[in-house]
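Peer 1: Sharing a structure with you now.
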Amino acid sequence: MPGADRAGDFRARIRRGERRAIARAITLVESARADRQALGREILDGLAAQTGGALRVGLSGPPGVGKSSFIEALGLRLIEAGNRVAVLAVDPSSPVSGGSILGDKTRMERLARSERAFIRPSPSGGVLGGVAHRTREALLLCEAAGFQVVIVETVGIGQSEAAVRSMVDFFAVLLQPGAGDELQGLKKGALELADALVVNKADGEQQALALRARAEFERALALLPGRDAGWRPRVLAASAHTGEGVAEFWQCVQEHHAAAQQSGAFAEQRRRQDREWLWTLLREGLERAFLQADGVAEQIARLEAAVAARQTTPAAAAAELLARVDGPPARR
């Protein structure tokens, strides 16, 4: 099938919400092969008008905090309310094999069985920020397929807070019960970026610990200034096991969304995120083009050896490489 016809067929099937077509299109945009990437871009470009309609929610947190269980409880509740829900779950890649466990469909078994849900596990591929390299494109494909809510679950490591915040409308960090050490260990960045903190596993013997943790985090957040849109981050307690607090969390998301739309912060944030992603892709493309230019690989190898032997400095080596792209001096 010619490329244009293939792209058109993909787009028609994605607009109909066919999960198999969505999954295959995401595979194309994630591919390292240039021809598959090109087809993926062509598919996505033709769907641009259908994107942007979903409420994008990011969830981060340390391993073992129960992110997948919480997302499943939330997803099932949203589906019962008539929504279609997509989950983009990122698993850490092995630094040795490059593979990942990709076990989120197993951990969200009940949600995965629903025809109104789409779960896509992707390896992080070593990308900083706890998100896959093409999570943004996958998000847009899900929106084009008509999903009203797209949830991005991250591995919860490295720069995940900033990376996820740059692509979602509402960002929440899940935390374990037991406030003391956790409050000390929680980075200020997470406090500043999160729209809500959720103390998960607030049930059984851990309920008292969870409520105490909630009070501690509320006091910590009170020390931070309010957001531009007037939103003050909230601290919630929830249990994915019992469902307690899940409805309260979604109410918080909706209230934040309404406030952001009323203030204009929602549209401005979407515009800012698009600009940032444009520049990210531009920098990636320039770096790739530079490294693939004739003679660059050999020059880099020579300069790396010279730096290691202390025959030159990293700054001087970088300047020599950058001289390749410097144009002639501007004429006055």
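The values are calculated or read from the model by the stated rules, or taken from the named source; none is laboratory data. Since the model is a prediction, treat every value here as computed from it, not as a measurement. Here the Cβ positions follow ideal geometry from the backbone for every residue, glycine too, while neighbour counts run over all protein chains shown. Ligands, DNA and RNA are stripped out before the accessible areas are found, and what is left, the full protein with its side chains, is counted by its heavy atoms. Shrake-Rupley method; radii C 1.70, N 1.55, O 1.52, S 1.80 Å.
Peer 1: Which cross-chain or sequence-distant (5 or more) residues have an amide H under 5 Å from the amide H of F118, H modelled 1.01 Å from N in plane?
Peer 2: V85, A86, V87
Peer 1: Another one. Counting Lys +1, Arg +1, Asp -1, Glu -1, what net charge surrounds L74 among other residues with beta carbon under 13 Å of its beta carbon?
Peer 2: Local net charge: -2.
Peer 1: Right, next: Counting only heavy atoms of protein chains, what accessible area per residue, in Å², does the range 260-332 have with a probe of 1.4 Å?
Peer 2: So the range 260-332 comes to 80 Å² accessible per residue, rounded to a whole number.
Peer 1: Under a 5 Å amide H to amide H cut-off, with H placed in plane at 1.01 Å, what residues pair with V199 once short-range neighbours are removed?
Peer 2: It is L175, L236, A237, A238, by chain and number.
Peer 1: Explain nothing, just compute: Karplus ³J(HN,Hα) = 6.51 cos²θ - 1.76 cosθ + 1.60, θ = phi - 60°, for every residue of the range 310-322 in order, whole Hz, x for Gly and Pro.
Peer 2: With coefficients 6.51, -1.76 and 1.60, one gets 6, 8, 7, 9, x, 5, 5, 5, 5, 4, 5, 5, 5 Hz.
Peer 1: Now a separate question. Using the Karplus curve 6.51 cos²θ - 1.76 cosθ + 1.60 with θ = phi - 60°, work out ³J(HN,Hα) for each residue of the range 282-298 in order, rounded to whole Hz, and write x for Gly and Pro.
Peer 2: 5, 4, 4, x, 5, 5, 5, 5, 5, 5, 8, 5, 4, x, 5, 4, 5
Peer 1: Which parts of the range 271-291 would a label at E304 reach, counting a residue when its backbone N lies under 15 Å from a point 7 Å out along Cα-to-Cβ?
Peer 2: Residues 291 fall inside that zone.
Peer 1: Here's another thing I want to ask about it. Would you mind putting 68-75, 108-115 in packing order, based on average other-beta-carbon counts within 10 Å, highest first?
Peer 2: For the peptides 68-75, 108-115, the packing ranking is 68-75, 108-115.
Peer 1: Quick one: pull the percent of accessible area on the range 242-332 belonging to carbon and sulfur, 1.4 Å probe, ligands and nucleic acids left out.
Peer 2: Using a 1.4 Å probe with all protein chains present, the range 242-332 comes out at 56 percent carbon and sulfur.
Peer 1: Carbon and sulfur: what percent of the range 49-94's accessible surface (1.4 Å probe)?
Peer 2: With neighbouring chains kept in place, the figure for the range 49-94 is 49 percent.
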